Each structure stands twice: as C-alpha cells, then as structure tokens.
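Worksheet: one structure, shown below.
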Amino acid sequence: MNFDLSDEQKAWKKSVHDFVGKVVKPKAREVDETYEFNWDAVRKGGPLGLLGLSIPEAYGGSNVDMISSSIAMEELGWGCGSTALAFTAHNGLGTAPIALYGSEELKSKWLPLLADGKHKLGALALTEPGAGSDIQGGVITKAEKQGNEWVINGAKMWCTNAGIAEYIITLVRTDPRGGSKSLSMILVPTDSKGLKVGPPEKKMGLHGSPTHAVTYDNVRVPLGNLVGPEGRGLQQTLSTLDAGRISIGAISVGLAQAAMEAAVDYARQRKAFGQAIAEFQAIQFKLSNMAMEIELARTMIYKAAWLKDEGRPYNKEAAIAKLYATEMAERVCYDAIQIHGGFGYSSEYHVERMYRDARLMTIGEGTSEIQRLVIARHVLASE
Ligand SMILES: Cc1cc2nc3c(=O)[nH]c(=O)nc-3n(C[C@H](O)[C@H](O)[C@H](O)COP(=O)(O)OP(=O)(O)OC[C@H]3O[C@@H](n4cnc5c(N)ncnc54)[C@H](O)[C@@H]3O)c2cc1C
C-alpha cells in the first residue's frame, strides 16, 4: 500500500477543501440554528462532482475512487457535520445502490438528475420504528406484486434527506416467509400517491440535515422500480453499509480535525496565570492525543478505502475504521470543549456544535456495538 495520496487525490483534496471553506463551513452555524438545509452547497457542489461520487461518468457522475470519496467526506465533515451527512446519505445510500444494482432504465432515468446539483437528492430507508440494527428479522414494511406494480405498505424511521429527496430507496419485505432472501430494495419517487414524509425530527445535533419518518399507504410503483434482483435486498444493504461506514468514519475525522484546529487557536490566545494556556503541558498533552488519534483514524479510513478500491474484502476494516474514527471524534470534541473552558459550552463557539454532531456517528449506519460484533466475527473466524 502506498501511504501517500496520488497527485490527483491531492489536487481533489485541495479543491474540495477550498469549496468547503467557501460554501459549507461559513454556513455551519446558520444551518444548525435555523434547521435550514444548505442548498447552495448542492447547487455548487454538483458541478464539482460532489453529488456523483458513486455515479459512473456515463450518467453524469464523477465516480471517484473510495479514497477520494473519503477525502471529500472528511473535508465536508471539517466544514459542517449536517451538510456532510446529507451528502454521504445522498452518495453512499441514495445513489450507490442504483449505480451498482439498478437496471439500465433506472440508471438512465435517475442518476443524471441526481448528479447535477440542480435537482433534489437521494435517500435510503432501511430503519423502521421497530427495527434498526436487526433489519433482517425486524423489517415489516412490505411490497406485494399486483399486476405490473408493487404495492407498498409500512413505515420507516430516521430517513436522512427524505424531505429533500427525489426518491427514497426503500427496503421492503417481498417474501412474507422471512429469511435472508426475503428483502428487496424498491425505488419510490417522493411524489408517489400514498407516500407521506413526516416533519423533520428535532435532534440533538445535525440540525441542517433533515431526518424524517416516512409512511407508505398503498403506494404503487412500477415493477421496474425494483433495485437489483428480488430477494437480494439484505445483501445489497450490507454491502452498501460497508462503504457507508468508511464515509461516516471520514466525516468523523473531519469533525475531529475542525475541533482540534479550534482548540489550537483558542489555546494560543487564551491567557491564564500569566501565559497562554497552550504553554501548559496538560493542554499540550490533550492536543497531542488529538493529533495522534486523528492521524490513526485517517490512516485506517484510507486503508479500508484502499482495500475497497483494490476489489479486496474490507468488511472488517470498514468496521474498525468506523468504530475507531467515530469514538475518536467524540473524545476529540470533548477535549476541545474542555480546552475552551466555559466558552466551550457556549454556542458562541463552534466546538459544542461539533460535539453534538459527532454524537450521531457512533449510531448511524451501524452502532458501535454492531461494529464490534462484525469485528469479533472476523477475529473468531481466524482463530
Ligand atoms: C440522525 C439520524 C440519521 C439516520 N439516517 C438514516 C437513514 O438515512 N436511513 C436509515 O435507514 N436509517 C437511518 N438512521 C437510523 C440508524 O441507522 C439507526 O438508528 C441505527 O442503525 C440503530 O438502530 P436503532 O435506532 O433501531 O437501534 P436498535 O437497533 O434498537 O439498538 C438499540 C441499542 O441496542 C444495541 N444493540 C442492538 N442489537 C445489538 C446486539 N446484537 N448486540 C449488542 N447490542 C445491540 C444497539 O447498539 C443500540 O445501542 C438514522 C438515525 C439517526 C439518528
């Protein structure tokens, strides 16, 4: 493995960093306070390729390698957790399953719209009020064939982007007998009759990333809206989540990087006992730990992404990267608040928002507990 980025990846990092510095980071506080989504980032990010990370060039996407995709997510996370989450839900969850498993008809109809930044986004609804970690056993939203249509009934929960999406890829049970071949993915346009997107959830953080409950009341879509073969929904979901976990880890690295930079700036200018607090070894040790942990997490993200790019198995490495990076981001944001003292607890400073935004990362796309189960499965299999 080459431990340096290629010239192309370095240039990409710089262009995304510049974009985020201009269009995303300056609005992070505003989207947190107003709960307004940053549409400007979508309109301007489309031409840069940020909405087509998983979309082949033939359909208008940038289709970058996974390391470059992780770089983009880290930079977005550095700018704004909310906007980063919306972009990763769009790219990794909302468009990747179409690009990977969708029919030619679905790809040519939807992917160009999703990549250009002029339209709404994509979303994926797996979680239900009664099922999150256990989707295989718990999903009860169902789809039945009637004539040349699927008829969908059920309810989903916590769907990122649902209120700002062109469609929601919905995980449904197509075989009531259950089992690993009983789930399927179906593309449901958000203007379908019988589909209701609830109001944005009130959340601890990530206020600029709308999350919604969605209900399906006899929603009818053509049979051709099936994404991938019938009965392959579970396998497609697990594979989608493997890549998604690298992205959530990358966003966490970006959040931690931003929190460390804020802590460094503050420690340099804040005086106590006649000197800058950065002169105290206790503060320096916190900053050292931050720098060390961020670097370790970033390296692990790149390793998992590189394995994916090489076409090699990366299930364990994606779980390690997500687990370490997301829990690391919480530690770093916690210490960044500590370094700010009382001001760290105030919304006048950015670190409290970063702490709130980071908190979701150990839950979404597989909780820390589920990552530990995945890792343990590999460890025990090799002993
Ligand atoms: C802001 C936000 C955005 C989200 N976006 C999306 C989205 O776009 N699409 C989507 O489908 N979902 C989304 N989710 C849902 C998210 O993926 C789930 O919340 C997550 O997978 C956990 O599921 P759950 O909430 O049902 O918790 P549960 O599965 O009920 O888990 C509750 C607790 O039990 C633990 N647990 C469960 N099973 C085990 C086990 N076998 N061993 C040990 N511990 C276990 C969990 O780790 C957790 O601590 C989002 C959630 C949030 C909060």
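The values are calculated or read from the model by the stated rules, or taken from the named source; none is laboratory data. Just so you know, these numbers come straight off a predicted model, no measurement behind them. Counting neighbours? That spans all protein chains shown, and the Cβs are built from the backbone with ideal geometry, glycine included.
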Can you spot a residue in segment 176-186 that is more than 30 Å from Met354 (Cα to Cα), more than 15 Å from the chain's Cα centre (by Cα) and assigned to a helix (DSSP H, G or I)?
-> no
Looking at (1) on the phi > 0 side of the Ramachandran plot; (2) in contact with a helix residue (DSSP H, G or I) (Cβ under 7 Å, 6 or more places away or on another chain); (3) within 15 Å of the ligand (Cβ to nearest atom), find the lone condition where Gly117 falls short.
-> (3)
Here the qualifying pairs (Cβ atoms under 7 Å; residues six or more apart or on different chains; first in segment 129-140 and within 10 Å of the ligand (Cβ to nearest atom) and aliphatic (A, V, I, L, M); second part of a loop (DSSP other than H, G, I, E, B) and modelled with pLDDT of 95 or more) come out as Ala131/Val139; Ile135/Leu126
What are the pairs, 6+ residues apart or on separate chains, where a residue within segment 366-383 that is in contact (Cβ under 8 Å) with a residue 24 or more places away in the chain has its Cβ under 8 Å from a residue that is of a type in the set (Ser, Thr, Tyr) and not in a helix (DSSP H, G or I)?
-> Gly366/Ser133; Thr367/Ser133; Glu369/Ser133; Ile370/Ser133
Segment 234-262: number of residues that are of a type in the set (A, V, I, L, M, F, W, C) and farther than 16 Å from Leu93 by Cα = 7
Among the listed residues Ala262, Ala304, Ala282, Ala243, which satisfies the condition of being modelled with pLDDT of 95 or more, closer than 18 Å to Gly79 by Cα and assigned to a helix (DSSP H, G or I)?
-> Ala262
Positions within segment 362-382 being of a type in the set (S, T, N, Q) and under 17 Å from Ala329 (Cβ atoms), in sequence order = Thr362, Thr367, Ser368, Gln371
Among residues belonging to segment 288-317 that are in contact (Cβ under 8 Å) with a residue 40 or more places away in the chain and hydrophobic (A, V, I, L, M, F, W, C), point out the one that is surrounded by the fewest Cβ atoms within 10 Å (Cβ to Cβ).
-> Trp306
Give Gly137, Gly94 a once-over and let me know the one that is part of a helix (DSSP H, G or I), in contact with a strand residue (DSSP E or B) (Cβ under 8 Å, 6 or more places away or on another chain) and under 22 Å from Lys193 (Cβ atoms).
-> Gly94
Which one of Thr170, Thr237 is assigned to a helix (DSSP H, G or I), within 14 Å of the ligand (Cβ to nearest atom) and hydroxyl-bearing (Ser, Thr, Tyr)?
-> Thr237
Tell me, which residue of segment 173-200 that is among the hydrophobic types (A, V, I, L, M, F, W, C) and touching a residue at least 60 places away in the same chain (Cβ under 8 Å) is farthest from the ligand (Cβ to nearest atom)?
-> Leu187
Which members of segment 362-383 meet the condition of being outside any helix (DSSP H, G or I) and within 11 Å of the ligand (Cβ to nearest atom)?
-> Ile363, Gly364, Glu365, Gly366, Thr367
Among the listed residues Gly231, Gly205, which satisfies the condition of being farther than 14 Å from Leu93 by Cβ, away from the ligand (no atom under 15 Å from the Cβ) and at pLDDT 95 or above?
-> Gly231
Matching residues in segment 347-361 - criterion: being touching a helix residue (DSSP H, G or I) at 6+ places or on another chain (Cβ under 8 Å) and either assigned to a loop (DSSP other than H, G, I, E, B) or near the ligand (Cβ under 9 Å from one of its atoms) (or both) = Ser347, Tyr349, His350, Leu360
Would you list the helices (runs of 4 or more DSSP H) that sit entirely within segment 1-82 and hold 1 or more residues that are assigned by TED's automatic domain parsing to the domain that holds Leu93 and surrounded by fewer than 17 Cβ atoms within 10 Å (Cβ to Cβ)?
-> 7-19, 28-34, 39-48
